[in-house]
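J.: Once you've had a glance at the structure underneath, I'll fire off some questions.
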Amino acid sequence: MTRPGAAGLIWALLVIIAAGIAARATYTADLSAFLPRSPSATQRLLIEQLRTGPAARLILVALEGADARTRARLSVQLARELRSDPRFIAVNNGDAASLERDREFLFRHRYLLSETVTPQRFTVAGLHAAIADSLDVLASPEGALLKPLFTRDPTGEMLGILEALGPGRGPRTTEGVWSSRDGARALLIVQTRAVGSDIDAQQAACQAIRRAIPAADRRAVRLLMSGPPVFAVASRAMIKGEVMRLSGVSAALVALLLLSVYRSLPALLLTLVPVASGALAGVASVALGFDAVHGITLGFGITLIGEAVDYSIYLFIQSAAHWRHSVWPTIRLGVLTSICGFAALLPSAFPGLAQLGLYSVTGLVAAALVTRFVLPGWLPRTFAIRDLSAPGERLARAVQKLRGVRSALWLVPLLAGAALYMHRGTLWNRALSALNPIPAADQALDEQLRAEAGAPDVRYVIVASAPDRESALAAAQTLGALLTPLIDQGVIGGFESPARYLPPLAVQRARQGSLPAPSVLSARLQEAAAGLPVSAARLQPFLLDVERARTAPPLTSADLEGTSLAAAAESLLVRSAGGWSALLPLYAVASADLSADAVARLRAALAQARSVHAALLDLQGEADRLYSGYLSEATQLAIAGFGAIVLLLWVALRSLARVTRVVAPLALSVLAVAGLLAALGERLTILHVVGMLLIVAVGSNYALFFDRSSAQPPQGSVPLTLASLLVANTATVLTFGVLACSRIPVLADLGSTVAPGTLLALWFSALLARPPAPPDAAPPSGS
């Protein structure tokens with residue numbers, strides 16, 4: 001068997017293995033690629049909230065169109081349908097039936113839930129004061145609610161519970177159900193049972209909501225949905241669709257380009273072999289190195305089309321006759337520079353960067369090796385493509401003329417530096433929202449529905465960690481006692497706590513212990529009623545309810561089933577990696593965010609709770625700090641990659657002048673693109689940084705070919721070399737140009753950086769290169 005035959009057999013075997021690995025790999029499109037592999041304690045809390053927190057499971061549903069009565073009818077039907085679906089743990093639309101269930105539960109267990117139930121409350125003085133306050137409420141506008149309950153609840157426990165649970169953030173009611181402020185939409189708040197990171201389950205939940213609308217009403221009423229589960233499902237679908245669409249468009253454009261250049265279908269088909277091999281090897285390597293392959297990594301793989309196709313272009317256009325000795329050494333050095341650049345991403349603490357680095361290194365190595373050892377053996381004896389000598393000659397003359405104006409390249413760093421300096425304050429986008437693929441219109445709808453439904457986008461959450469569920473509830477109870485005074489002081493507008501819905505057992509027993517025996521309570525009530533316009537005899541139902549509560553078993557989570565309180569308790573009390581966590585979301589006063597002073601006072605209050613392990617988590621701030629660290633690390637790694645490339649060139653070329661001529665056009669290209677983006681008002685993100693590293697990796701191939709032509713007597717045709725470089729560059733620019741049109745910001749950022757950058761790298765390399773050495777010339781000393 002010949003060596004080409006052996007190479008082909010090895011290639012086929014590796015392709016089968018890689019295809020099997022890729023077929024069994026897990027693919028994801030959630031935030032996992034942008035979260036650290038070894039998070040800090042605070043970052044771990046943030047990640048848990050993003051994946052399993054209550055906000056990650058909340059779906060906001062709106063019905064618009066038709067009339068208010070029709071919307072209300074459909075809201076009730078939709079709520080009834082979803083409440084019977086095990087995919088959901090809570091469905092709230094403000095209808096009378098659900099509110100009545102909640103109120104009946106609260107009233108029945110009021111003495112276990114009320115924070116005012118203390119021994120002092122049921123002394124003679126305490127009873128007298130509480131009954132007097134309730135009588136005052138009866139004379140107020142709120143009296144209509146208390147009047148039917150007065151004989152059973154003269155101390156007003158129910159009213160106190162409602163005030164604590166409902167701080168006035170509920171939506172408007174129209175036709176008996178929740179509606180928007182203008183009454184044009186019926187609103188529902190739905191909470192899924194699955195955690196936010198389970199996108200398959202969230203997709204099934206979204207589909208269940210859509211199917212729950214009767215077919216006959218779908219034309220009259222428009223269903224709107226928003227919230228993290230909806231966004232997660234939409235993001236995955238968008239990433240999958242974009243990867244397929246952009247890959248198809250890029251492949252079609254490159255195929256048309258090469259077909260017009262080669263005028264040979266076999267050449268086109270052979271060109272795609274290293275591209276497909278590199279992409280398959282990249283996916284397989286990521287699948288082996290990581291738990292899941294992210295959709296962004298697959299989108300990044302589109303870029304492999306642009307660079308991997310270059311190798312076969314050099315092989316076909318410059319002919320295979322002198323390929324091994326004259327062209328391959330330059331390609332090999334170019335591949336090594338690319339490896340040095342992308343290998344710098346491998347040690348990243350963020351899987352997203354590490355995946356991009358591993359994919360690129362493996363894919364480029366595979367594509368280069370297939371081009372070197374497999375394709376030459378597959379070329380038929382009659383293989384021929386269009387002769388590009390004439391276009392290459394014209395290109396060589398054009399380059400020679402343009403070299404006369406290369407002194408003007410000094411303007412590039414001056415103009416780019418000026419643009420970067422002018423926009424230095426807004427140059428970097430350090431917010432995690434920069435990676436959000438959801439359209440601005442959908443984000444605006446989410447904000448609108450959230451405000452109308454009274455479900456504010458909570459930024460600050462106190463997270464109390466404990467080894468078990470009961471300890472977490474006890475921690476929440478302790479923290480609630482510290483936070484309540486801050487409401488009265490106007491520091492915060494309110495807070496949620498699982499202990500309000502399910503008090504710790506110790507608290508429940510203490511409240512039961514505060515309730516006197518029937519004979520004692522009856523005597524105290526007789527004395528307390530003296531001087532009040534109500535007789536103790538009329539309050540006999542109160543005595544019966546107190547005794548029932550005093551001897552009742554403690555309240556458990558099972559007792560909450562069938563009420564909206566169950567969802568609240570379950571969402572605020574979650575199992576974490578180290579045990580259990582109690583979540584206490586904080587609300588600002590009015591609509592303003594918490595001030596720096598309020599945050600400082602909150603931290604001081606938490607410091608007083610020495611028996612509780614709790615932390616104040618700024619969801620937005622911590623997410624932005626996480627991404628900012630991600631961006632800073634990417635920048636440092638990109639600089640390290642650039643340094644590794646320079647070091648490799650120094651070792652390979654052994655000439656400061658030659659290294660400078662190779663590096664200078666790359667540095668100018670990066671600087672020009674950065675300045676252009678800044679001048680256009682574009683704020684740089686993580687993928688812009690990766691794109692600049694890719695400019696260096698791809699552009700180094702062009703610069704090395706020009707260096708070879710100028711430093712060594714040409715072993716092949718200089719015009720054909722220029723022609724092959726132009727075709728290869730055009731393929732790369734087409735690929736990244738398509739990527740720049742993506743609806744996904746991270747892919748668009750990458751494309752808009754590399755497309756102009758690689759084009760400039762080619763032309764800057766041509767302008768800064770020395771003229772080709774004559775055939776009999778020796779390499780000049782020190783050049």
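J.: Go through 721, 685, 730 for me and flag whichever is touching a residue at least 40 places away in the same chain (Cβ under 8 Å), β-branched (Val, Ile, Thr) and open to solvent by 20 Å² or more (accessible area, probe 1.4 Å).
T.: Unique residue meeting the criteria: 730.
J.: Of 594, 617, which residue is among the aliphatic types (A, V, I, L, M), closer than 30 Å to residue 581 by Cβ and open to solvent by 10 Å² or more (accessible area, probe 1.4 Å)?
T.: Just a single option satisfies the conditions, and that option is 594.
J.: Is it the case that some residue within the stretch 628-641 is in contact with a Gly (Cβ under 7 Å, 6 or more places away or on another chain) and open to solvent by less than 20 Å² (accessible area, probe 1.4 Å)?
T.: Yes, the stretch 628-641 has at least one match.
J.: Something else about it: Output the residues belonging to the stretch 526-581 that are charged (D, E, K, R) and over 16 Å from residue 503 (Cα atoms).
T.: 527, 538, 545, 547, 548, 575
J.: How many residues, within the stretch 517-542, are under 18 Å from residue 135 (Cα atoms) and either within 59 Å of the chain's Cα centre (by Cα) or not basic (Lys, Arg) (or both)?
T.: Looking only at that region, the number is 17.
J.: Still on this model: Could you check residue 175 against (1) within 24 Å of residue 502 (Cα to Cα); (2) open to solvent by 70 Å² or more (accessible area, probe 1.4 Å); (3) modelled with pLDDT under 85 and say which number it fails?
T.: If we test residue 175 against (1) within 24 Å of residue 502 (Cα to Cα); (2) open to solvent by 70 Å² or more (accessible area, probe 1.4 Å); (3) modelled with pLDDT under 85, just (1) comes out false.
J.: Only one residue in 232, 205 is modelled with pLDDT of 90 or more, farther than 30 Å from residue 307 by Cβ, under 24 Å from the mean Cα position of the chain (by Cα) and assigned to a helix (DSSP H, G or I). Which one?
T.: Testing whether each residue is modelled with pLDDT of 90 or more, farther than 30 Å from residue 307 by Cβ, under 24 Å from the mean Cα position of the chain (by Cα) and assigned to a helix (DSSP H, G or I) leaves just 205.
J.: Here is a further query. Tally up the residues in the stretch 90-109 that are touching a residue at least 24 places away in the same chain (Cβ under 8 Å), part of a helix (DSSP H, G or I) and among the small types (Gly, Ala, Ser), please.
T.: 2
J.: Here are 496, 452: which of them is surrounded by 15 or more Cβ atoms within 10 Å (Cβ to Cβ), over 24 Å from the mean Cα position of the chain (by Cα), within 25 Å of residue 597 (Cα to Cα) and acidic (Asp, Glu)?
T.: Just a single option satisfies the conditions, and that option is 496.
J.: What tally of residues in the stretch 337-383 results from selecting those that are small (Gly, Ala, Ser), crowded, with 17+ Cβ neighbours inside 10 Å and under 21 Å from the mean Cα position of the chain (by Cα)?
T.: Residues flagged as small (Gly, Ala, Ser), crowded, with 17+ Cβ neighbours inside 10 Å and under 21 Å from the mean Cα position of the chain (by Cα) within the stretch 337-383 amount to 4.
J.: Take the stretch 390-404 and flag every residue that is within 28 Å of residue 679 (Cβ to Cβ), without any contact (Cβ under 8 Å) to a residue 24 or more places away in the chain and of a type outside the set (Gly, Ala, Ser).
T.: Across the stretch 390-404, there are no qualifying residues.
J.: Sticking with this one: Considering only residues that are within 22 Å of residue 560 (Cβ to Cβ), surrounded by fewer than 17 Cβ atoms within 10 Å (Cβ to Cβ) and among the aliphatic types (A, V, I, L, M), which ones fall in the stretch 73-130?
T.: 96, 97, 99
The values are calculated or read from the model by the stated rules, or taken from the named source; none is laboratory data. Since we're looking at a predicted model, the values are computed, not measured. Heads up, the Cβs are rebuilt from the backbone with ideal geometry, glycines too, and the neighbour counts pull from every protein chain shown. Surface accessibility is based on the protein's heavy atoms, side chains included, excluding ligands, DNA and RNA. Shrake-Rupley method; radii C 1.70, N 1.55, O 1.52, S 1.80 Å.
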